Amino acid sequence: MPNKPLHLCYKPNCSNLTRERYCETHKQEINKYNKERTDKDYVRFYYSKEWQQLRMLVLKRDGYLCVSCRSQGIVKLAEMVHHKIPIKIDYNKRLDLDNLESLCEACHNKIDHNPHPFKSSDV
């Protein structure tokens, strides 16, 4: 059976070629990310009523618009609420309104999500 053709790694801004979804460098990062996503406190938080209510408050505060697009004069609906400082880095900022912003999916995907380098969606 012939080898799959080479293509760019799916990690944004990576120019490595691979036959799989991610290059060797980013394959390790995605494996680490997937392990982190199973952290019970982290997952439990995103399913909590407290987060759902706060998420709606942030969307309302930002007029349901992407703050990044709006800063460039573009009007685009926000689809998610982003923690500027990830809760994996500072769990105490998980409910801090100043740490939250409404973003469209495209802008959210452009962010370097360390320690979460790959797309994740609000639950």
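ARG44 passes all but one of (1) modelled with pLDDT of 90 or more; (2) surrounded by fewer than 16 Cβ atoms within 10 Å (Cβ to Cβ); (3) over 16 Å from LYS110 (Cα atoms); (4) in the same structural domain as LEU97 (by TED's automatic domain parsing); which number fails?
Condition (1) is where ARG44 drops out.
Would you point out the residue of region 10-26, among those that are closer than 24 Å to ALA106 by Cβ and not polar (S, T, N, Q), that is surrounded by the fewest Cβ atoms within 10 Å (Cβ to Cβ)?
Here the answer is ARG21.
Residue by residue, here is whether (1) out of contact with any His (no Cβ under 7 Å at 6 or more places or on another chain); (2) modelled with pLDDT under 95; (3) in the same structural domain as GLU29 (by TED's automatic domain parsing) holds:
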residue: GLN53; (1), (2), (3): yes, no, no
residue: ARG61; (1), (2), (3): yes, no, no
residue: VAL75; (1), (2), (3): yes, no, no
residue: ILE89; (1), (2), (3): yes, yes, no
residue: ASN99; (1), (2), (3): no, no, no
residue: LEU103; (1), (2), (3): no, no, no
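The values are calculated or read from the model by the stated rules, or taken from the named source; none is laboratory data. None of these values were measured; they are calculated from a predicted model. So basically every Cβ, Gly included, is an ideal-geometry build from the backbone, and we count neighbours across all protein chains shown.
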